[in-house]
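Undergrad: A single structure is presented below for examination.
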Amino acid sequence: MEELNLTDGQIRIILSKMQDRVDFSEKLRNGERRLNNLEVAVIEFVHARTSKERIQDDACDLAVSIFYRDNKPKIIKEYLTSEIERLEKTE
C-alpha cells in the first residue's frame, strides 16, 4: 500500500465506501492487504479527486461510473466534464 502513498486509514475509508457500491475482492496475506489492479486504480482515482470541492462520496460515485459501468460514451462525457470543472477551479 506504500505505492499509493496513502495511510492505511485513508485506504480503509475509501475501501469501505467503495464496498458499499461494488464488490471489492480485498484479501489479506500475512496481515497485508492485497487488491487487484482495478481496485488500486479506483483507490488512486478516488483519492486524487477527494478535495474541498468534491467530497469523497461524489468521487466514489464517479469512480463507479467510470470503472464499473458499460455506458462508455456517457461516462467519458461525465468524466471530461468533471475534469474541465476541476481544472477551471484550480486556475
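The values are calculated or read from the model by the stated rules, or taken from the named source; none is laboratory data. None of these values were measured; they are calculated from a predicted model. So basically every Cβ, Gly included, is an ideal-geometry build from the backbone, and we count neighbours across all protein chains shown. Just the protein is used for accessible areas: all its heavy atoms, side chains included, with ligands, DNA and RNA removed. Shrake-Rupley method; radii C 1.70, N 1.55, O 1.52, S 1.80 Å.
Undergrad: For residues that are more than 25 Å from residue 86 (Cβ to Cβ) and at pLDDT 80 or above, tally how many sit in segment 13-50.
TA: Final tally of qualifying residues: 1.
Undergrad: Filter segment 51-60 down to the residues that are modelled with pLDDT of 85 or more and either open to solvent by 50 Å² or more (accessible area, probe 1.4 Å) or on the phi > 0 side of the Ramachandran plot (or both) and list them by number.
TA: 55, 57, 58
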